[in-house]
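Only the coordinates and a few stated rules stand behind these numbers; no lab work does. Only a predicted model underlies this, so the values are computations on that prediction, with no experimental measurement involved. No Cβ is skipped: glycine too gets one built from the backbone with ideal geometry, and neighbour counts run over all protein chains shown.
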Amino acid sequence: MFPALPPATRTLILLNVAVYLLEQVAADPVLRWFALWPLASPLFEPWQVVTYAFLHANLTHIFFNMFALYMFGGVLEQYWGGRRLVLYYFICALSAGLTQLLVQQLAGAANEPTLGASGGVFGILLAFAWYFPRAKVGVYLIIPMPAWLFVTIYGLAELFFGVTGSQQGVAHFAHLGGMLGGALCILYWRARRRFGLR
């Protein structure tokens, strides 16, 4: 039996699904205006650092992103509340997008857009492991391991694939950027609480 989704997580998932369905009927204009194009591309627009996170390349892409958001986002929403979850998710997606732009600029890429909720989702994974490190996560729904170990291995794999370029077509540094943005956000919140700031 799958747990009921709290409202903010449910809304994020429904928005992603709705935009994916829109892509199926108007792919060219949607990707032209809302995917994240490199800074050197004439198609780049500032709002794309947020809108790209609602686009997906195919059914497999959106399924795994939304499944991860379903599995981990709902738990965090119950712990944090909906408003903080949504804020955190967008910070991670923004951080992922900015990281991807930087990497593309350094690599001289000008023609390949970035799309997908993975940056926000990787931030969600990091937060889940941060707050629930001993929770068991089923790798491929079979091999259970603590959340902290799962996310550490996943992060190291992303770094390896990003540095070696051995898995083309995946924005590995955007994923890492989402995790970095999430970590900085959590540390900032902790510092504010430590010093009694609201």
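Work out the FRET efficiency for residue 111 and residue 193 from their Cβ-Cβ distance, taking R0 = 41 Å, and round it to the nearest 0.05. Each step should come with its number before you reach the end.
On the way: r = 44 Å, r/R0 = 1.08.
Calculated value: 0.40.
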message: With unit charges on the beta carbons (Lys and Arg positive, Asp and Glu negative) and the dipole taken about the Cα centre of the chain, which residue among 26, 161, 182 sits farthest to the positive side?
response: 182
task: State the Cα centre-to-centre distance between the stretch 1-79 and the stretch 87-157 in whole Å.
output: 14
- prompt: Considering the dipole of the chain built from charges on the beta carbon (Lys and Arg +1, Asp and Glu -1) around the Cα centre, which of 4, 36, 98 is farthest to its positive end?
  reply: 4
message: If you consider only alpha-carbon coordinates, what radius of gyration and Dmax does the stretch 1-108 have, in Å?
response: 15.0, 48
- line: Fewest-first ordering of 145, 71 by Cβ atoms within 10 Å yields 145, 71
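Place the peptides 114-121, 61-68 in order of packing, highest mean first, counting for every residue the other Cβ atoms within 10 Å and averaging per peptide.
114-121, 61-68
Residue 86: net charge of surrounding residues, Cβ under 12 Å, Lys/Arg +1, Asp/Glu -1, itself excluded?
Details: positive: 10, 83, 84; negative: 77.
Taking every other residue near residue 86 into account, the sum is +2.
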field: Over the chain: helical MRE at 222 nm, DSSP H runs n ≥ 4 each giving -39500 (n - 2.57), nearest 500
entry: -21000 deg cm²/dmol
message: Quick check on the exposure proxy: order 89, 188 from fewest to most C-beta atoms within 10 angstrom.
response: 188, 89
Using alpha carbons only: equivalent-ellipsoid semi-axes of the chain, gyration tensor based, whole Å: 26, 19, 18
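Relative contact order of the chain: what whole-number percent is it, with Cα pairs under 8 angstrom and at least 6 residues apart? Intermediate results must be reported in sequence, preceding the final value.
Numbers: 284 pairs, mean separation 47.0, N = 198.
Reported as a whole number, the value is 24 percent.
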query: What is the ratio of the Cα radius of gyration of the stretch 27-80 to 2.2 N^0.38 Å, where N is its residue count, to two decimals?
result: 1.43
- request: Please give the length that would be gained between residue 24 and residue 184 if that part of the chain were fully extended, namely 0.36 nm times their separation in residues minus their C-alpha to C-alpha distance (nm, one decimal).
  value: 54.0 nm
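To the nearest 20 debye, what charge dipole does the chain have about its Cα centre, counting +1 at the Cβ of each Lys and Arg and -1 at the Cβ of each Asp and Glu? Working shown, then result.
On the way: 11 positive and 6 negative charges, 210 e Å.
That gives the chain a dipole magnitude of about 1000 debye.
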